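Below: the structure, in structure tokens.
The values are calculated or read from the model by the stated rules, or taken from the named source; none is laboratory data. Please read all numbers here as calculations on a predicted model, not as lab measurements. Here the Cβ is made from the backbone with ideal geometry for all residues, glycine too, and neighbour counts use every protein chain on show. Areas reflect the complete protein model, heavy atoms only, side chains present, ligands, DNA and RNA absent. Shrake-Rupley method; radii C 1.70, N 1.55, O 1.52, S 1.80 Å.
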Amino acid sequence: MTADTYSLVKPALELRNLSAWYGESRALYDVSLDVKPGGVVSLLGRNGAGKTTIVKSIMGLMNRREGSVRFENRETIGLSPRKIALLGIGLVPEERGIFGTLTVQENLMLPPVVRDGGMTLERIFDLFPNVRARLTAAGNALSGGEQQMLAIARILRTGARAILLDEPTEGLAPVIVQQIRKTIESMKEMGFTILLVEQNFDFAARVSDAFVVIENGRVVDRLEGPLGSAEIESVRRFLSV
Amino acid sequence: MSFQLLAGQLVLGLINGSFYALLSLGLAIIFGILNIANFAHGAQYMFGAMLAWGLLEYAGIGYWYALPLVFLGAGLLGLLTEAIFIRRMYHVDPLYGILLTFGITLMMQGVFRNYYGVSGLPYSVPASLSGSWNLGVMYLPIYRVWVIVAAVVICFLTWYTIEKTRIGANLRAATENPTLAEAFGLNVPLLKAAAYAGGVGLAGLAGAFAAPVYSVNPMMGSEIVIVAFAVVVIGGMGSIKGAIIAGFSMGALEGLAKVFWPEFSAMVIYIVMVAVILYRPGVDIFGRKV
Ligand SMILES: Nc1ncnc2c1ncn2[C@@H]1O[C@H](COP(=O)(O)OP(=O)(O)OP(=O)(O)O)[C@@H](O)[C@H]1O
Ligand SMILES: [Mg+2]
């Protein structure tokens, strides 16, 4: 897809000149990016580049943020995290965010349904048989892979149409990574709008339509997929320096 | 030492333990979810007793109707207190919360003392619970048995609500990670207000249970709140189950101490508390980290 056809579609998620601060220290500088409806965009960048900060800013979790974040044409920059979640943006946070004092079932049922059309439990259990098998276990008794499955499953239930996935494959075994890739591919087929943070570029390259490279809190490059081998090489070199 | 004496003190201890458990339970909920050490808890307990007394005195509403009304009335007091005062403490040093709730205690005591003095107001045992059972070895006042049974049931229901229901899961999630809970769409400020109201409701209910057994007066909560805090520490700060079990067992321990070491009975709970702080800080009575 060329940049021109891409821009014909009104984006579902639209960031314009987004800036954010941790206390006095500025973490984001005028970040602008679009995710079209049903698209998968990957944020790439080295440790500490600001990827998680972008996710947190979209979710309203930064104490100070400026600029514009529009979701389905609605400005959300002044809204609380709760209001943003209820608009239909689902978060699969860094470190998975499983509540250890809740059971797997309680974790799964925790986020309120925000819209019709969320996945049924049956469907979720088909996608993640491990989650069904461990329903009564405590959240903190799960393996990393199981926690990641649960973190994704719990958002699919809510009917959220846009999903922010922050490093879903971090620290997981290759088989699990593959299962998560399949899940993201089927989510894409179902029409979810996805913003994916991923250090694993090979993983990101397989599932994404577009890539935004972040460095020191700024957008330093934008690429439309599928990438040519020269582009892949240059991104990989950038990320590994 | 006679068996009668032992059994008698144990029952008395369990009665006190019922009040410790009900009060510590509310304190543990409030501490766990709001991170507020609610020193107003004793005054809120006193409010419950005063409200039960007032309902009878001014409206002719007897004990059985007073119980739910006091729970609701104290819960409403909790909602107002949270909205006006407590809410402002969430983002400041917890020390301010202690000072504020202590100030609320003094204000409430002052108001009630102004109108009702410090001598006790009479509240008699309801007719349906008066009298005693003759167990052969001792006479067991029915009202005391009722208080113990009611406290056990209420503690169980509260534990069940928090550990096993949907709303309880929301409360636990908001306790463990409020930011993330909000990011999933939970209304954390509402959950906090509800937790505070529930804790105050329990304190008020304990006050209504206390009205026929202890003297109803504006100062009645000032000592028991300290014991209740010691019990919360012993049960593991913020642990619900820990507060309940520590409440009943500390009451029983105090009763036994009256038989075996009468000179220590008034301080035995504090001795346990100091030992817990010195040797097992940050751990609940089941050995889990809190
Ligand atoms: N809570 C915080 N307080 C202060 N500074 C922070 C905080 N969290 C992150 N930062 C800083 O903000 C910058 C961006 O961090 P961020 O977590 O967004 O990076 P990231 O791209 O997600 O990195 P990683 O790949 O390691 O997850 C870093 O310099 C980091 O040190
Ligand atoms: Mg990150």
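General remarks:
- The sole residue among A:ASP202, A:ASP221 that is over 15 Å from the mean Cα position of the chain (by Cα), among the acidic types (Asp, Glu) and not in a strand (DSSP E or B) is A:ASP202.
- Inter-residue pairs, beta-carbon under 6 Å, first among the hydroxyl-bearing types (Ser, Thr, Tyr) and in the stretch B:147-162, second surrounded by fewer than 23 Cβ atoms within 10 Å (Cβ to Cβ), 6+ apart: B:THR161/B:GLY168
- Tally, over the stretch B:228-249, of residues that are out of contact with any Ser or Thr (no Cβ under 6 Å at 6 or more places or on another chain) and either open to solvent by less than 10 Å² (accessible area, probe 1.4 Å) or closer than 20 Å to B:ALA37 by Cα (or both): 15
- The single residue among A:ASP116, A:ASP126, A:ASP166 that is buried (at least 23 other Cβ atoms within 10 Å of the Cβ) and either more than 13 Å from chain B (Cβ to nearest Cβ) or among the charged types (D, E, K, R) (or both) turns out to be A:ASP166.
- Subset of the stretch A:160-179 [in contact with a Leu (Cβ under 7 Å, 6 or more places away or on another chain) and more than 16 Å from ligand 1 (Cβ to nearest atom)]: A:ALA162
- Residues in the stretch B:204-232 that are in a loop (DSSP other than H, G, I, E, B) and either within 16 Å of B:ALA21 (Cα to Cα) or of a type in the set (Gly, Ala, Ser) (or both): 2 in all.
- Test: B:ALA173 is open to solvent by less than 50 Å² (accessible area, probe 1.4 Å), more than 14 Å from the chain's Cα centre (by Cα), within 14 Å of chain A (Cβ to nearest Cβ) and modelled with pLDDT of 95 or more: yes
- Screening A:ARG46 with (1) within 16 Å of ligand 1 (Cβ to nearest atom); (2) at pLDDT 95 or above gives one miss only, at (2).
- Members of the stretch B:176-201 found to be among the hydrophobic types (A, V, I, L, M, F, W, C), part of a helix (DSSP H, G or I) and facing chain A (nearest Cβ under 9 Å), listed by number: B:LEU180, B:ALA181, B:ALA183, B:VAL188
- Of A:SER80, A:SER68, all but one fail to be within 14 Å of chain B (Cβ to nearest Cβ), over 18 Å from the mean Cα position of the chain (by Cα), modelled with pLDDT of 95 or more and more than 16 Å from ligand 1 (Cβ to nearest atom); the exception is A:SER80.
- From the list A:ILE184, A:ILE214, A:ILE180, A:ILE194, the lone residue that is open to solvent by less than 10 Å² (accessible area, probe 1.4 Å), assigned to a strand (DSSP E or B), more than 14 Å from chain B (Cβ to nearest Cβ) and more than 16 Å from ligand 2 (Cβ to nearest atom) is A:ILE194.
Conditions tested, residue by residue: (1) of a type in the set (Asp, Glu); (2) within 14 Å of chain B (Cβ to nearest Cβ); (3) away from ligand 1 (no atom under 16 Å from the Cβ); (4) within 23 Å of A:LEU86 (Cα to Cα).
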residue	(1), (2), (3), (4)
A:LEU13	no, no, yes, yes
A:ARG16	no, no, yes, yes
A:VAL31	no, no, no, no
A:GLY39	no, no, yes, yes
A:MET59	no, yes, no, yes
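- Residues being of a type in the set (Gly, Ala, Ser), touching a residue at least 40 places away in the same chain (Cβ under 8 Å) and either open to solvent by 50 Å² or more (accessible area, probe 1.4 Å) or not in a helix (DSSP H, G or I) (or both) - total across the stretch B:43-95: 1
- Scanning the stretch B:129-139 for residues that are open to solvent by less than 80 Å² (accessible area, probe 1.4 Å) and in contact with a Phe, Trp or Tyr (Cβ under 9 Å, 6 or more places away or on another chain) turns up B:LEU129, B:SER130, B:GLY131, B:SER132, B:VAL137, B:MET138.
- When each of A:GLY88, A:GLY97 is tested for being under 14 Å from the mean Cα position of the chain (by Cα), away from ligand 2 (no atom under 16 Å from the Cβ), at positive phi and of a type outside the set (S, T, N, Q), the lone residue that passes is A:GLY88.
- Here the condition is being of a type outside the set (S, T, N, Q) and either within 30 Å of A:MET59 (Cα to Cα) or within 14 Å of chain A (Cβ to nearest Cβ) (or both); of B:ILE142, B:ILE167, it holds for B:ILE167 alone.
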